[in-house]
Amino acid sequence: MKKKLLDGMWFKVLAAAGAMAQVAGAADLTAFQLAKEGNRYVSDEAKDKIVQIRSDKSIGSMTPINWYVVYFDQDAKFRATEVKFGAGKKLEVTRPMRMFERISRDYKALNPKDLKIDSDKALETALKDPLLEKLTMKASQLWLDRGEEGPTWRVRLWAAKLRNPNDQADIGQIFISAEDGKVLRRDLHINRVD
């Protein structure tokens, strides 16, 4: 009887640990993994037709947990369907008003063959920038969209202030090619941490 009770308790402990690992893993999904997941919530014609991926500013770590994937959707009024994710789970599906994008070329889908560098690698590349070496990085925010040089990750970074490390300073952005991972340009202002 005791053995059955202990076996039952171990099963519950293992199941709970597995569920916690699954939730933690879901929060660590990359932008491209979320885009694949987002295909479940858009029309067949919109699947894999990514126009833009963006995140909210990360909280408590360098990796954002709230992401928005925008798909080209011919049937939508403004030709876009957006899937919002939080910690790897779908939160909502909307058809946002993207009026200005319609008159520019930013409403067209990115070529999937050009999307080789995922959000985790783009963030990793940005954080290796020599100007950031002595700073305590606190948060990030990422966008993938059509850049002048092709699909581009824009990584905005926040660092701890020197006088009050609990405060954060927006120190600027690093632009990284989604095709080959090369840094295209920097717009960093590390003097803001003073």
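The values are calculated or read from the model by the stated rules, or taken from the named source; none is laboratory data. These numbers come from a predicted model, not from an experiment. With ideal geometry, Cβ positions are generated from the backbone for all residues, glycine too; neighbour counts draw on all protein chains shown. We work out accessible area using only protein heavy atoms, side chains counted, and drop any ligands, DNA or RNA first. Shrake-Rupley method; radii C 1.70, N 1.55, O 1.52, S 1.80 Å.
Give the peptides 114-125, 40-51 in descending order of average Cβ contacts within 10 Å, highest first. Walk me through the intermediate numbers first.
Numbers: 114-125: 19.3, 40-51: 17.0.
Highest mean packing first, the order is 114-125, 40-51.
Would you report the distance distribution of C-alpha pairs in segment 70-177 as whole percents per 10 angstrom bin, up to the bin with the largest distance?
Binned Cα distances yield the sequence 13, 33, 34, 17, 4, 0.
Stretch ILE59-GLU149 to full length: gain in nm at 0.36 nm per residue minus the Cα-Cα span?
Details: separation 90, 0.36 × 90 = 32.40 nm, distance 3.01 nm.
The span from ILE59 to GLU149 would gain 29.4 nm if fully extended.
Calculate, in nm to one decimal, what LEU131 and ASP170 gain on full extension: separation in residues at 0.36 nm each, minus their alpha carbon distance. Write out the running numbers ahead of the final one.
On the way: separation 39, 0.36 × 39 = 14.04 nm, distance 1.41 nm.
Contour length minus Cα-Cα distance gives 12.6 nm.
Summarise the accessible area of segment 45-194 (1.4 Å probe, protein heavy atoms) by the percent that is carbon and sulfur. Intermediate values should be presented prior to the final figure.
Values: 3840 of 8270 Å².
The C+S portion of the solvent-accessible surface of segment 45-194 is 46 percent.
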